[in-house]
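The values are calculated or read from the model by the stated rules, or taken from the named source; none is laboratory data. The structure presented is a predicted model; accordingly, all values stated were derived computationally and were not measured. Cβ placement follows ideal geometry from the backbone for every residue including glycine, while neighbour counts extend to all protein chains displayed.
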Amino acid sequence: MDIPFPVIADVDLKVARLYGMVGSGSSTATVRSVFFIDPNLTIRATLSYPAAIGRNIDELLRVFDAFQENTASGGCAIPANWTPGQPTLSPAPCQLTN
C-alpha cells in the first residue's frame, strides 16, 4: 500500500513524550493523538483519546473541513456540529489595548 505521508516508528517514545502523548499513570502507553498541521507547519489543533477509546473519524473530518472553511473565508468562526455548507459565524470582535 502506498501511503502519501510520512509514518514513524517511535519505539523509545521520544516523539510521544515530546508531544505529550504518553498517558497519565503510564510510562509506556501512548494516548491516541491527532495533530492538525497547516501548510505553514503550525499545529492548529490536537485531539487526544485514551488508548481504550476509539476516535470519531467524522469529527476529525469535520475539524479538517472547518479549518479549510475558516482559512478560505478569512477567519469566520465555525459553530459546534457545523458541517460543510452550513452557515458560519462572524468572529467575536477583538478588544484592542493601548
* Tell me, which residue of region 14-33 that is outside any strand (DSSP E or B) and charged (D, E, K, R) is surrounded by the most Cβ atoms within 10 Å (Cβ to Cβ)? -> R17
* Cross-chain or 6+ apart pairs with Cβ under 8 Å, region 55-83 first and outside the structural domain of F36 (by TED's automatic domain parsing), then of a type in the set (G, A, S) and surrounded by 12 or more Cβ atoms within 10 Å (Cβ to Cβ) -> V63/A45; F67/A45; N70/A77; I78/A66; W82/A66
* Asked: Does A45 satisfy the criteria of being small (G, A, S) and either under 23 Å from P84 (Cβ atoms) or touching a helix residue (DSSP H, G or I) at 6+ places or on another chain (Cβ under 9 Å) (or both)?
  -> yes
* To do: Read through the list (1) within 30 Å of K14 (Cα to Cα); (2) surrounded by 10 or more Cβ atoms within 10 Å (Cβ to Cβ); (3) out of contact with any strand residue (DSSP E or B) (no Cβ under 9 Å at 6 or more places or on another chain), then give the number of the only condition that Q68 fails.
  => (1)
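Residues are listed down the side, and each one gets a yes or a no for (1) aromatic (F, W, Y); (2) outside any strand (DSSP E or B):
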site: D12; (1), (2): no, yes
site: F35; (1), (2): yes, no
site: N40; (1), (2): no, yes
site: R44; (1), (2): no, no
site: L47; (1), (2): no, no
site: A66; (1), (2): no, yes
site: G75; (1), (2): no, yes
